Amino acid sequence: MVSFLRFLINGISLGSVYAIIALGYTMVYGIAKMLNFAHGDVIMVGAYIAFCAISYLALPPLVAILCAMAVCTVLGIIIEGLAYRPLRQASKLAVLITAIGVSYLLQNSALLIWSPNPKVFPTVLDFGSIRLFGGDLVITSQAIITIVANIIIMLGLTAFTGKTKMGKAMRAVSEDKGAAELMGINVNRTISVTFAIGSALAAIAGVLLCSAYPTLQPTTGSMPGIKAFTAAVFGGIGSIPGAMIGGLLLGIIEILGKAYISTELGDAIVFAVLIVVLLFKPAGLLGKPMREKV
Amino acid sequence: MKLKKSTVNNIIAYGLVIVAFIVCQLSLNAGTMSRSLKGQMIPICVYIVMAVSLNLVVGISGELSLGHAGFMSVGAYSGAIISAWLLEGLHIESAIVRLILSMLSGGVFAGLAGVLIGVPVLRLRGDYLAIVTLAFGEIIRSVMNCLYFSIDSGRLHVSFNNPSLPGKLLVNGPAGAKVVEKLATFPMGFALILFTLFVVLNMINSRSGRAIMATRDNRIAAEAMGINVTKYKMMAFVTAAVLAGMAGALYGLSFSTVDPAKFKFDTSILVLVFVVLGGIGNIWGSIIAATLLTVLPELLRAFSDYRMLVYAIVLILVMLATNNPIIRSLFDRLVRPRRTASNTQRGGASE
């Protein structure tokens, strides 16, 4: 029972990281209708920036995270402006391939700058841990911070999209780009802001991910990126609470699957659950079903 | 004698491929080809077949598939296992017979996987279908990571997550499959290209091909015309899987070991890049793009460390340029004055 609780907490903590990454995917998909495959690599860049800030510049962790967020925000805006904006009218597949190109570009730049040797990410979020059940159940501060960060981000984003002018503009653009433009919304700027927020979240996710799994390589971001993307689809892509639920469930399923069924098959179980869910709810858990018109 | 236009086009097509093969074979024999290029001949054939078969799904049938490497890996594994079994179980000495039988079995097993995956997947639409094919590709890879096969005096043993099997281990979990003998040859790769072209071109110009394209262009209208949408989508999907499996078997048999890491998500994406850069729905484009982009990293060897970076930049720039309205209209006017005539074969998952 205690071991189950331990796995559950690990799962929630991993799931929180997935949820934060998935939020970036889902917001970008909702507004630009594109699968941003480079998102996973933005995570990696964020983690590297934080790593450099802490190891080489000896900055305090919080400042390092802010640095990473700033760099990733700028990176997100640049990527969107240079690579995706010219393709606004192009086919979906063209944008997808460009996103893959950007992903290769980021990975290979990281390979040149930071070399392929894995770096050990410093422990930045260790403030001791909570022990329950006479020391059997240890909850690390790192897990607590990840979960709390996730809840804060979730509440913040919900408030942002619901209450602020920019958030409302985002929802309008995701609903109907043309109509939003007619209402005087600057569509290009709204999309830029969405990329900026998504990339800043990716930086946070990168730091959280690497504090839990401290090996940092240029390919660190790709697998969590793919999984977070499945999490976004799982919860219904385009929906913020959906990304949250999808991410958490995926993390829990992955850890429990690895613990109780098979370590090697952990990934396969995650993807199999995704397929089963999509067969019964083709638009994801919280997604709106598409109406088909003739 | 008057031939149909499609027949004439196909004959020209086969002719061009045969000429390309003869040129390559001559330069191989004359020894003018560099060693690195020589090593690329079989991968080029394999990637051409992969690209053409994926184009059948993405371009002709209009479904975005991100798990094509999964079928390739099924083919490679079954090819490696069957070729060992043919040698030690059935004592077939002739290398060419073993190669052909291994490739056929690779195709059969990949086709079975295609049926298994196609049934649930093809009920979904658009991006959801893409993500599920991605998921299947990853599942196949994870399963292969804990698959063990061994051969003991001609009998095959299989187990899951348990490496202690009698006899010689053929498939060793994450370490991959051992290939007993590298059977793959360049002429066989060429024959596979011809076979693929024969299947795909005939399919496109047949009643089924028209039904598949009608489904792609407008599902509802096609359904109203009495076309069994699922059946034709399955037909395209499974055919592509079989061809990818055969290519995978050939690919696997050109190495001494095949490990699951060779068939990562990146491989599926690589093939998709060939298809999109070559032009979705355009079989010729796929062949040319697959050839150039397989050779490109080799040609960029001079840049050594920077070559993948250059590759990425080239990829992005080509996508930006081909989708730029000004460059596009210029290109259309220069290269394709009769674009409307060839419009019937274009389109694809972009809509």
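The values are calculated or read from the model by the stated rules, or taken from the named source; none is laboratory data. All values derive from a computational prediction rather than experimental measurement. Cβ atoms come from the backbone with ideal geometry, glycine included; neighbour counts cover every protein chain shown. Heavy atoms of the whole protein, side chains included, go into the accessibility calculation; ligands, DNA and RNA do not. Shrake-Rupley method; radii C 1.70, N 1.55, O 1.52, S 1.80 Å.
Within region B:213-245, the residues that satisfy the criterion of being open to solvent by 20 Å² or more (accessible area, probe 1.4 Å) and in contact (Cβ under 8 Å) with a residue 40 or more places away in the chain are B:213, B:216, B:217, B:230, B:232, B:234, B:238, B:239, B:242.
In region B:260-272, of all residues being open to solvent by 20 Å² or more (accessible area, probe 1.4 Å) and not small (Gly, Ala, Ser), the one that is nearest to residue A:264 (Cα to Cα) corresponds to B:264. Among the residues of this structure, residue B:69 does not count as one that is surrounded by 19 or more Cβ atoms within 10 Å (Cβ to Cβ), in contact with a Leu (Cβ under 6 Å, 6 or more places away or on another chain) and either within 14 Å of chain A (Cβ to nearest Cβ) or modelled with pLDDT under 90 (or both).
Counting only residues that are buried (at least 23 other Cβ atoms within 10 Å of the Cβ), part of a helix (DSSP H, G or I), small (Gly, Ala, Ser) and within 13 Å of the chain's Cα centre (by Cα), region A:215-241 holds 4 of them.
Would you be able to tell me the number of residues in region B:273-288 that are under 23 Å from residue B:79 (Cβ atoms) and open to solvent by less than 10 Å² (accessible area, probe 1.4 Å)? Result for region B:273-288: 2.
Yes/no per residue for (1) small (Gly, Ala, Ser); (2) under 11 Å from residue B:55 (Cβ atoms); (3) modelled with pLDDT under 80:
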residue	(1), (2), (3)
B:244	yes, no, no
B:250	no, no, no
B:260	no, no, no
B:267	no, no, no
B:273	no, no, no
B:287	no, yes, no
B:296	no, no, yes
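Counted as qualifying within region B:142-209 are the strands (runs of 3 or more DSSP E) with 2 or more residues that are open to solvent by less than 20 Å² (accessible area, probe 1.4 Å) and over 28 Å from residue B:53 (Cα atoms), namely B:147-152.
For region A:210-265, the set of residues classified as of a type in the set (S, T, N, Q), within 11 Å of chain B (Cβ to nearest Cβ) and touching a residue at least 12 places away in the same chain (Cβ under 8 Å) consists of A:219, A:222, A:230, listed by residue number. Considering only residues that are in a helix (DSSP H, G or I) and either touching a residue at least 12 places away in the same chain (Cβ under 8 Å) or more than 8 Å from chain B (Cβ to nearest Cβ) (or both), which ones fall in region A:266-285? The answer is A:266, A:267, A:269, A:270, A:271, A:273, A:274, A:276, A:277, A:278, A:280. Has region B:119-134 got at least one residue that is touching a residue at least 60 places away in the same chain (Cβ under 8 Å), part of a helix (DSSP H, G or I), away from every other protein chain (no Cβ under 14 Å) and surrounded by 22 or more Cβ atoms within 10 Å (Cβ to Cβ)? The answer is no, given that none of the residues of region B:119-134 is touching a residue at least 60 places away in the same chain (Cβ under 8 Å), part of a helix (DSSP H, G or I), away from every other protein chain (no Cβ under 14 Å) and surrounded by 22 or more Cβ atoms within 10 Å (Cβ to Cβ). Looking only at residues in region A:23-38 that are in contact with a Lys or Arg (Cβ under 9 Å, 6 or more places away or on another chain) and among the hydrophobic types (A, V, I, L, M, F, W, C), the one that is nearest to residue A:136 (Cα to Cα) is A:35. Flag: residue B:50 matches the condition of being at pLDDT 85 or above and either of a type in the set (A, V, I, L, M) or open to solvent by less than 50 Å² (accessible area, probe 1.4 Å) (or both). Of A:244, A:183, all but one fail to be farther than 28 Å from residue A:119 by Cβ, at pLDDT 85 or above and crowded, with 24+ Cβ neighbours inside 10 Å; the exception is A:244. Which residues, counting only those in region A:157-180, are open to solvent by 40 Å² or more (accessible area, probe 1.4 Å) and within 17 Å of the chain's Cα centre (by Cα)? Listed by number, the list holds a single entry, A:158.
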